[in-house]
Amino acid sequence: MLRCRVCLTRSWERVLSLGATPLANNYIRLNDLKKEEIYYPLTLLFCTRCGLVCLDTVVDAAVLYDFYYYLSSESKTMLRHNTWLAKTFVERFGLSGSDLLVEIGSNTGTQLGFFREKGVRILGVEPAENIASLANEAGITTLNRYFNEATAAEIRERHGRAKVILGRHVFAHIDDLDDVLRGVHILLEDDGALAIEIPYLVDMVDGNQFDTIYHEHLSYFSVRTLQHLFERNEMEIFGVDHLDIHGGCILVSVKRKGCPAFPVRGVDELTAMESGKGVQTVKYLEDFARRTVEIKVELTGIINRLKKAGKVLAGYGAPAKGNTLLNYCGIDATYLDYVSDNTPTKQGLYLPGTRIRIRSEEYARQHPPDYFLLLAWNYAQEILQKERAYLEAGGKFVIPIPVPRIVEAAGTAPGGASEAIR
Ligand code: TYD
Ligand code: ZN
């Protein structure tokens, strides 16, 4: 049985099973449709010692990341966040021209570009070869490596120590966190900061975001659990920002234990809130599991009803989380004619498991369905704005999370049954 990567015990309770699914980012090429897909169990465990929520199955990182489809988003929402992050870090950490900022899992280097604009010395570390090449081609110096103790030593040798190490949406993906934190100790300046942005367990649970559970996301963290992890690794959290992106994230700032730099901010507020909600109890997760089943029943009810009424349905967005939702709910190509996605590399491919074809936004404009199931619900605001013309022409969205609801243009809701937007 798996050892907890935070507290090193084996004190598990099994809290939720989403069945078995293929890997959520393994979009299928037309020529590969005949090949059988590998299904892995998607089961959530809760550590009764440290509160870690994690998967019981660890898929080999090389299988997941050596070649990767996920390109960092350049949506308006995300570019706004990238701008904020660069500005905030320069102010908070007093970054100047000679300081080095290293980003772990830097993808195509979108975020690093914002730091470079501020005159900061930057270096990306990205394990996916195809993505590291894209970053380098775009002029963002990127080392094609997994970040660990060995990589940290190599960087220190070649570039010196880092004032800031940033990891956006990577900590949840890493099995051996101790190896990464040993690397941080090697690479970070004595008074430097590690900053990690991760989905927040409390937002996932309170927002019924069961679809964010997939094999890449090994861990689901509360602040309390992170404190446990860093404490064991001679570090301490000094700041937490609760952010409203990707359905709710935390930006956690960490320093070496005892380092006098940086004022403490936001930590006690969140840990107190977590205690109030009982986040460290198995009941908190059991309630989430119950609501997950309820949403499945409700959503499949709506989809079946629409289909029986002869409506045409398609998906909006082909995010990884959409694949958990569709596979778990059994919504496949017999229900959705296609899913549209604006990522060129995904277009023309098929969704893992459900085998629904991914089409461009242009295609969707030419073939508007009666209802779009909004799989990229974390961008709901931006997408509903963008698709005003579709809504005004009578098109509707089914938004599955946090609870299934139908959205249509203001003034067309029959008897107020649906939520109207302006
Ligand atoms: P993202 O939320 O980044 O996802 P993941 O669950 O994979 O971590 O993915 C959003 C997806 O939605 C991405 O494939 C791009 C797509 N998208 C559109 O097709 N149109 C849009 O207007 C937006 C904002 C996103
Ligand atoms: Zn534990």
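The values are calculated or read from the model by the stated rules, or taken from the named source; none is laboratory data. Quick caveat: nothing in here was measured; it's all calculated off a predicted structure. Neighbour counts run over all protein chains shown; Cβ positions are idealised from the backbone, glycine included. Accessible surface is based on the protein model in full, side chains and every heavy atom, while ligands, DNA and RNA are left aside. Shrake-Rupley method; radii C 1.70, N 1.55, O 1.52, S 1.80 Å.
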Inter-probe distance in nm under a simple model that places probes 7 Å from Cα toward Cβ, at A62 and E37
2.4
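Using the membrane-span-like helix rule (whole DSSP H runs, Cα extent along the own axis of at least 24 Å, mean Kyte-Doolittle hydropathy at least -1.0), which helices of the chain qualify?
Helix filter hits for the chain: 76-93, 282-308.
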State, as an integer percentage, the relative contact order of the range 1-160 based on alpha-carbon contacts under 8 Å between residues 6 or more apart.
15
Please tell me which of these pairs span more than 21 angstrom C-alpha to C-alpha: K163/K255; K308/K386; K76/K346; K87/K163?
K308/K386
Suppose a student asked you for the relative contact order of the chain, using Cα pairs under 8 Å spaced at least 6 residues apart; what percent would you report?
15
Using only Cα atoms, locate the centre of the range 254-277 and the centre of the range 8-59, then give the distance between them in Å, rounded to an integer.
31
Heavy-atom accessible area of K118, protein chains in place, probe 1.4 angstrom, given in Å² to nearest 10, is 110
If Lys and Arg each add +1 and Asp and Glu each add -1, what is the summed charge of the other residues whose beta carbon sits under 13 Å from the beta carbon of W12?
+3
Provide the solvent-accessible area of T48, counting protein heavy atoms only and rolling a 1.4 Å probe, rounded to the nearest 10 Å².
80
What is the spin-label model distance, in nm, from R365 to K386 if the labels are put 7 Å beyond Cα along the C-beta direction?
1.2
Net charge near I250 (other residues with Cβ under 13 Å of its Cβ; Lys, Arg +1; Asp, Glu -1) is -3
Using the crude model of +1 on Lys and Arg Cβ and -1 on Asp and Glu Cβ, and no other charge, please compute the dipole size for the chain relative to its Cα centre, in debye to 20.
620
Using 0.36 nm per residue, how much length does the chain from D337 to D191 gain when fully extended, once their Cα-Cα distance is taken away?
47.1 nm
Taking 0.36 nm per residue of separation and subtracting the Cα-Cα distance, what length does fully extending N304 through K76 add?
78.7 nm
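Express in nm, to one decimal, how much length is gained between K118 and L8 on full extension, taking 0.36 nm for each residue of separation and deducting their alpha carbon distance.
This chain segment gains 35.5 nm when fully extended.
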Distance (nanometres) between label positions extended 7 Å along Cα→Cβ at R232 and K257
1.3
In Å², nearest 10: area of R145 left accessible to a 1.4 Å probe:
80
Given Cβ point charges of +1 (Lys, Arg) and -1 (Asp, Glu) and nothing else, what value in debye, to the nearest 20, does the dipole of the range 284-421 about its Cα centre take?
300
Let me have the 222 nm mean residue ellipticity of the chain computed from DSSP H runs of 4+ only, each contributing -39500 (n - 2.57), with the sum over all residues rounded to the nearest 500.
-10000 deg cm²/dmol
For V223, the net charge from surrounding residues (Cβ-Cβ under 13 Å; K, R +1; D, E -1) works out to -4
